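Contents: one structure, followed by commentary.
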Amino acid sequence: MKVRTRFAPSPTGHVHIGNMRAAIYNWLFARHHGGEFLLRVEDTDRERSTPEAIRTLLEAMDWLGLGFDGEALYQSTRMEAHLAAAETLLEKGLAYKEDKGGTGQGECVVFRMPGKDVSFDDGIKGTLSKAAANMQDFVIVRSNGTPVFHLANVLDDIEQEVTHVIRGDDHVENTFRHIALYEALGAEVPKFAHLPMIVNAQGKPYSKRDGDAFVGDFREKGFLPEALFNYLALLGWSPGDDREVMAREELVEVFTLERCQSSPAQVDLRKLTWMNGEYMQKLPAVEFEAICFHALGKEGIDPEPEYAQRVFALVRDRVKTVADIAPMVGFFFSGDFSYDEKAVEKKLRKEGVRGILQQVKALFEALPAFDEADIDRTLHGFVEQAGLGFGAVMPPVRIAVSGQQSGPDLAPLLSVLGRRQVLERIDRTIGAYLQD
Ligand code: GLU
């Protein structure tokens with residue numbers, strides 16, 4: 001039997017990472033088994049499922065590299081088939097008509113639960129059962145003639161020949177009804193696996209209020225799709241050892257439902273940021289540079305390429321997300337940078353700093369060349385000869401030329417920035433902050 005999974009989102013204009021995680025698990029499961037991963041767009045809510053919302057969904061999948069097999073099935077195109085199936089159930093006495101509100105506005109079609117206990121073997125949660133007494137008949141076609149989610153969802157899974165339904169555990173209750181529907185429709189019941197929720201630190205469903213929750217947010221903030229994919233794959237699943245940064249092929253190879261955890265998974269954005277940094281560092285230099293150029297371009301900076309490449313190499317192992325780049329390197333491209341006020345107060349506006357900067361400046365002026373090794377030697381020599389700590393010298397120099405308290409190693413930074421800029425900036429900083 002060929003494994004067929006599907007992602008069946010209802011487009012709303014935003015793609016929550018919880019939904020995307022379900023898509024990723026379906027994708028990994030299908031790829032692991034050499035099966036197919038299908039897309040079904042549950043777009044029957046015409047108000048929310050706008051073309052724009054559908055585009056957002058497809059873009060998010062594309063960005064994450066979640067290719068699907070064949071054509072997407074749009075649920076809204078299947079209404080006739082859904083209604084025909086309801087008709088058949090009526091004919092067979094497996095459903096009945098009822099005027100629910102008793103308002104005479106029309107009758108809906110109600111599915112008759114078979115009056116027996118239902119149980120199934122969930123791929124993640126184990127055996128789940130529900131007693132007949134706790135399950136009531138339910139509406140499958142509204143009085144306005146539109147099919148209800150349960151009917152449409154089950155019929156479309158049958159149509160798409162889905163073998164494994166992997167979805168959020170908010171659907172567990174529905175599954176008992178869905179199984180009854182499959183049986184009534186004479187279709188084979190697929191395997192189900194219900195993923196535990198993604199939660200915040202308080203154990204409540206993770207939402208926008210807790211931080212970025214939509215795929216688009218992460219994209220905008222400069223996360224790499226490979227990193228988000230890897231992070232979401234590990235949010236509720238583990239390879240069984242301590243591997244964390246895992247290439248997609250590696251994930252495909254080892255992914256199994258048995259290793260999905262059955263308790264809720266807690267979002268940890270710091271871990272995602274760390275992971276993104278790992279992916280940034282693994283990028284080939286040309287790709288990293290292209291990302292940097294693009295990030296600067298968005299800020300209206302069009303740098304001279306050779307100089308820019310030297311700058312990018314300096315921050316290469318400090319960049320965690322694309323969004324870090326422009327703030328981290330902006331000062332290399334414009335003298336008009338802002339000063340970190342806290343750093344100025346703590347490290348710059350201090351007794352003796354003016355003198356230190358003036359002496360360092362004089363030493364820099366006197367250097368025959370302004371390369372990294374000479375700068376380094378000069379700074380070390382000065383610290384020693386003046387009987388000062390590094391902490392008294394390096395931070396003021398760094399702040400004077402960059403406005404920032406931290407950044408790449410100082411000597412290479414100064415050398416790339418160039419002597420003229422360094423001297424000018426030291427002067428300007430003294431003028432701005434260290435006049436008597
Ligand atoms: N459209 C439903 C949802 O997004 C489908 C659930 C499913 O069967 O996967 O919750």
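Observations on the model:
- Filter result for Arg4 (under 17 Å from Val148 (Cβ atoms), open to solvent by less than 60 Å² (accessible area, probe 1.4 Å), among the basic types (Lys, Arg) and within 16 Å of the ligand (Cβ to nearest atom)): no
- Note on region 186-204: residues that are touching a residue at least 12 places away in the same chain (Cβ under 8 Å) and surrounded by fewer than 21 Cβ atoms within 10 Å (Cβ to Cβ) amount to 9.
- Of the strands (runs of 3 or more DSSP E) lying entirely inside region 8-114, those containing at least 1 residues that are under 37 Å from the mean Cα position of the chain (by Cα) and either within 16 Å of the ligand (Cβ to nearest atom) or in contact (Cβ under 8 Å) with a residue 60 or more places away in the chain (or both) span 36-41.
- Scope region 351-362; condition of a type in the set (D, E, K, R) and outside any helix (DSSP H, G or I); matching residues: Glu351
- The combined condition, being in contact with a Lys or Arg (Cβ under 8 Å, 6 or more places away or on another chain), among the basic types (Lys, Arg) and at pLDDT 95 or above, is not fulfilled by Arg78.
- Restricting region 395-428 to residues that are open to solvent by 50 Å² or more (accessible area, probe 1.4 Å) and charged (D, E, K, R), the residue that is farthest from Pro368 (Cα to Cα): Arg428
- With respect to being within 20 Å of the chain's Cα centre (by Cα) and within 26 Å of Gly418 (Cα to Cα), Val311 falls outside the description.
- Any chance Gly431 is surrounded by fewer than 20 Cβ atoms within 10 Å (Cβ to Cβ), without any contact (Cβ under 8 Å) to a residue 40 or more places away in the chain, farther than 28 Å from Glu304 by Cβ and not β-branched (Val, Ile, Thr): no
- Residue tally, condition more than 14 Å from Met275 (Cα to Cα) and in a loop (DSSP other than H, G, I, E, B), over region 230-241: 5
- Between Glu258, Glu183, the distinction of being out of contact with any helix residue (DSSP H, G or I) (no Cβ under 9 Å at 6 or more places or on another chain) and loosely packed, with under 15 Cβ neighbours inside 10 Å belongs to Glu258 only.
- Qualifying residue in region 325-340 (condition: touching a residue at least 12 places away in the same chain (Cβ under 8 Å) and over 21 Å from Asp302 (Cα atoms)): yes
- Close pairs (7 angstrom Cβ cut-off, 6 or more residues apart or separate chains): touching a residue at least 60 places away in the same chain (Cβ under 8 Å) and open to solvent by less than 20 Å² (accessible area, probe 1.4 Å) in region 129-156, hydroxyl-bearing (Ser, Thr, Tyr) and within 16 Å of the ligand (Cβ to nearest atom) anywhere: Ala152/Thr44
- Restricting attention to region 236-253, the residues that are touching a His at 6+ places or on another chain (Cβ under 8 Å) and open to solvent by less than 70 Å² (accessible area, probe 1.4 Å) total 1.
- Only one of the listed residues (Asp427, Asp376) is part of a helix (DSSP H, G or I), within 28 Å of Val319 (Cβ to Cβ) and modelled with pLDDT of 95 or more. That residue is Asp376.
- In this entry, Glu365 is excluded by the filter for residues that are of a type in the set (D, E, K, R) and not in a helix (DSSP H, G or I).
- Of the criteria (1) part of a helix (DSSP H, G or I); (2) open to solvent by 40 Å² or more (accessible area, probe 1.4 Å), which one Asp336 fails: (1)
The values are calculated or read from the model by the stated rules, or taken from the named source; none is laboratory data. Note that the structure is a prediction, hence the values are computed from the model and not measured. Glycine also receives a Cβ, built like all others from the backbone with ideal geometry; neighbour counts cover every protein chain displayed. Note: accessible area is taken over every heavy atom of the protein model, side chains too, but ligands, DNA and RNA are not part of it. Shrake-Rupley method; radii C 1.70, N 1.55, O 1.52, S 1.80 Å.
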